[in-house]
Every structure is written in C-alpha cells, then in structure tokens.
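The values are calculated or read from the model by the stated rules, or taken from the named source; none is laboratory data. Just so you know, these numbers come straight off a predicted model, no measurement behind them. Positions of Cβ are backbone-derived with ideal geometry, glycine not excepted, and every protein chain shown enters the neighbour counts.
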Amino acid sequence: MKKVIGFGDYIMRLNPEGYLKFIQANKFEVFYTGAEANVCTSLSYMGIPTQFVTRLPENMISECALATLKRFSVGTDHIAFGGERIGLFYLEKGASQRPSKIVYDRKYSSFSDSKSCDYDWKTIMQDAEHFHFTGITPALGENLAEICIEACKTAKELGLTVSCDLNYRKNLWSKADAKATMEKLLKYVDVLIANEEDAADVLDIHASNTDIISGKLDRNGYIEVADKIAKKYNIDTVAITLRKSISASDNDWSALLYRGGKAYFSKEYHIHLVDRVGGGDSFGAGLIYGLLNGFDEQKTIEYAAAASCLKQTIELDVNLSKPDDILALVGGDGSGRVQR
C-alpha cells in the first residue's frame, strides 16, 4: 500500500500528573504530539506506511521528539531542520464539571518560521497516495498557509487524495482569518473532516436545532451542514464528529459521513473519558484507513468512530489500537471485559 503524508507542527505536551490543576503541580509529564503527527502515528500503528513532514530545531529535544515518531515506525525522511525552539502546550485535564484547559506556547517555533524552500513536495510525495493536513497548520503564519497551498497543488498534480481536518483553534487565529484562508485551501480538498463546532466557526455554516453547550445535536441539522459544505466547496467526502458533552468525564460520541448526496451515521458510544485530547486526530486516522482499504461508507464511518472512541480511553494524544481491536468494537464488543 502506498504511503500517507502528514504535514504540520510537532510540539511538546506538558501536563501535571493525573488530574492536578496547574497551581498544584510541581512537576509535569512530557509527550510529543501534533495533529497531523497523531494521524500518522495512528495509521502507522494500524499498518499503513506514513511519512510525517515538519521543521524542527537541530538539538537534543528534537532527538527525543523524533524518537517518539520512530518508535511507532512513522517515517521522518523529509523533516527539515532549522530555527531554535520546538513549540509546546500545557494541558490541565478536567474532570466531571471542571473543563480541561490548554495554554499554548508555540510562537516563533522552528515550524512557524518554515520557508517554502524547506519542502520539496514532488520528492516528498513520490509513491504517496494520500496527503493530510489540518487547519492548525495555516493558522501558525501566512507563510505556512502559502506552503499548504503549494503542498495541496502538488498533491493534486500527482493524483493524491487530499484530506483536511478544519481543527479550528480560537487561540491561534480569528474566525474571519480562518474562513478567508481555509476557503482558499478547500478547493484542493477531497475529504473534509470537522467536529460539531468547526463548520460554524470556520465556514459560517450552522446546524439547525442544535445547542452544543447543552449537548443537543440534531442529526438532520448536520446532514444539512454536510450537504452545504459538499455543494459549496465541491468536496466529495465530508465527515463530522458529533460529541455530546455530558461533562468533562463523560461524553456521547458518534459521527456522520456524507458522500454522494447520502448520509451515513455511526452508532453512538457513551465514553467515560481517560484523555480526550487527540480524539479528532484518531477519528481522521480511522477515516483515512477505511478509505484506503476500500471499506464501504457505513463500515468506514463505523471504523472511524470506533477508533476515536477507543483512543479517548487511552492516555496521551495517540490512538494505540490495532485494526482487530477497532473492528471488535464495531462488531459490538464494547464490554471492556478482561481478555485472557
């Protein structure tokens, strides 16, 4: 099977142990993460060849970050080096009625200072089948928005499928800036991924009869959203995750796939969360896995939703579930009984 290329920032995650608040912590746990890197890692763990493309400083911290990717057989052949620092974020995990909180420290990172000359896209995409990026990447600077466009143009010229997760982050850019930039990129996108908020925040397309805060999500409203996105931006495949937040500890989770004018919904899972960060990335990886393996639409959305469900029961940002584990959940084995 040909490989998947992911392009984005690779950053350090620092969080207090367990559910301690920042003010209680006297030490932090370290992990290396990034939306597109998480997708590549999940796919690699499921047996799909991947290459992750980013820019890192040439120092010992980058060696640690690269070791994390290599541990899971993610390709690092086309990573550029330069600049002085890796970006990072701090995570305080919420519980029950207390929400999780994130503080970013990623300005002036090596990746945010990327130049077009850092990436030879024709070489990078040789023998690749799929290119994936998210809305986080162009949010990190005008230069990265232009580099994303260059990458997407090359991908289309070479016949790759292009997927994008809107992944709106209000701490990185405004809704107006996000809309202006993402609409330039969507003309190259074949598969668009969003959560229940992204379409409204980035594209100003709202679901009817829906209140995200109270957890009221109307399925017909999201079919309308997917249909509008598909028609306005000429996108073949639209996938939307639907999270009903009961609390920071318990969510109901399902997803919608819209293709060829028809909607397909996954079953809904009640998840007692262990770590929800990376839930969307694991969904994207599951969706790409289903598409690459020729699953039909219903099986594809069931696989993607189940993959993300399992990830949210796993600590840290990456879904370390094998296809057999995911397919078992798709098949109805969600008992969580001990396997001996």
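Quick one: in the stretch 243-270, which of the residues that are among the hydrophobic types (A, V, I, L, M, F, W, C) and closer than 24 Å to residue 163 by Cβ is farthest from the chain's Cα centre (by Cα)?
That would be 263.
Inspect the stretch 209-220 for any residue being hydroxyl-bearing (Ser, Thr, Tyr) and under 19 Å from the mean Cα position of the chain (by Cα) and give the result as yes or no.
no
For the stretch 223-242: of the residues being assigned to a loop (DSSP other than H, G, I, E, B) and at pLDDT 95 or above, which is farthest from the chain's Cα centre (by Cα)? Give the steps one after another, and end with the answer.
Start the filter on the stretch 223-242 by keeping residues that are assigned to a loop (DSSP other than H, G, I, E, B), which leaves 234-236.
Filter once more, so that each one left must be at pLDDT 95 or above: 234-235.
Numbers: 234: 22, 235: 18 Å.
So the residue we want is 234.
Condition first: more than 20 Å from residue 314 (Cβ to Cβ), of a type outside the set (Ser, Thr, Tyr) and at pLDDT 95 or above. Now tell me which residues in the stretch 243-266 satisfy that.
Matches in the stretch 243-266: 256, 257, 259, 262, 263, 265.
If you go through the stretch 12-46, how many residues are over 16 Å from the mean Cα position of the chain (by Cα) and β-branched (Val, Ile, Thr)?
2
So, in the stretch 258-286, of the ones that are of a type in the set (A, V, I, L, M) and outside any loop (DSSP other than H, G, I, E, B), which residue ends up nearest to residue 246 (Cα to Cα)?
Per the stated criteria, the residue is 271.
Among 228, 232, 175, which is the only one that is farther than 27 Å from residue 298 by Cβ, of a type in the set (Lys, Arg) and surrounded by fewer than 20 Cβ atoms within 10 Å (Cβ to Cβ)?
175
Please go through (1) at pLDDT below 95; (2) closer than 20 Å to residue 50 by Cα for residue 337 and return the number of the only condition it doesn't satisfy.
Here residue 337 meets the rest and fails (2).
One line per residue, one yes/no per condition, for (1) under 18 Å from residue 276 (Cα atoms); (2) polar (S, T, N, Q); (3) in contact with a Lys or Arg (Cβ under 7 Å, 6 or more places away or on another chain):
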| residue | (1), (2), (3) |
| --- | --- |
| 46 | no, no, yes |
| 82 | no, no, yes |
| 90 | yes, no, no |
| 105 | no, no, no |
| 114 | no, yes, yes |
| 123 | no, yes, no |
| 137 | no, yes, no |
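Kindly indicate whether residue 233 is of a type in the set (Phe, Trp, Tyr) and in contact (Cβ under 8 Å) with a residue 40 or more places away in the chain.
Taking the combined requirement at face value, the residue satisfies it.
Here are the criteria: (1) out of contact with any Gly (no Cβ under 6 Å at 6 or more places or on another chain); (2) closer than 23 Å to residue 29 by Cα; (3) in contact (Cβ under 8 Å) with a residue 60 or more places away in the chain; (4) outside any helix (DSSP H, G or I). Tell me which single one residue 317 does not satisfy.
Every listed condition holds for residue 317 apart from (1).
Out of all the residues in the stretch 62-75, which are touching a Phe, Trp or Tyr at 6+ places or on another chain (Cβ under 9 Å) and either on the phi > 0 side of the Ramachandran plot or in a helix (DSSP H, G or I) (or both)? Break it down into steps so the answer makes sense when it comes.
Narrowing the stretch 62-75 to residues touching a Phe, Trp or Tyr at 6+ places or on another chain (Cβ under 9 Å): 62, 64-69, 72-75.
Passing the criteria: 62, 64, 65, 66, 67, 68, 69, 73.
Could you figure out which of (1) among the hydrophobic types (A, V, I, L, M, F, W, C); (2) surrounded by fewer than 22 Cβ atoms within 10 Å (Cβ to Cβ); (3) closer than 20 Å to residue 122 by Cβ isn't true of residue 155?
(2)
When the stretch 163-201 is examined, which residues are found to be more than 14 Å from the chain's Cα centre (by Cα), modelled with pLDDT of 95 or more and within 26 Å of residue 286 (Cβ to Cβ)?
Result: 178, 182, 185, 186, 187, 188, 189, 190.
Does residue 287 satisfy the criteria of being under 18 Å from residue 167 (Cβ atoms) and either of a type in the set (A, V, I, L, M, F, W, C) or at pLDDT below 95 (or both)? Write out each step before concluding.
Numbers: under 18 Å from residue 167 (Cβ atoms): yes; either of a type in the set (A, V, I, L, M, F, W, C) or at pLDDT below 95 (or both): yes.
Yes: the conditions hold for residue 287.
For the stretch 6-25, indicate whether the set of residues that are under 27 Å from residue 130 (Cβ atoms), in contact with a Cys (Cβ under 8 Å, 6 or more places away or on another chain) and of a type in the set (Val, Ile, Thr) is non-empty.
So far as the stretch 6-25 goes, no, none of its residues is under 27 Å from residue 130 (Cβ atoms), in contact with a Cys (Cβ under 8 Å, 6 or more places away or on another chain) and of a type in the set (Val, Ile, Thr).
Just to confirm my filter: which strands (runs of 3 or more DSSP E) fall fully inside the stretch 1-59 and include at least 3 residues that are surrounded by fewer than 18 Cβ atoms within 10 Å (Cβ to Cβ)?
28-33
Can you confirm whether the stretch 162-176 contains a residue that is among the β-branched types (Val, Ile, Thr), within 24 Å of residue 268 (Cα to Cα) and touching a residue at least 12 places away in the same chain (Cβ under 8 Å)?
no
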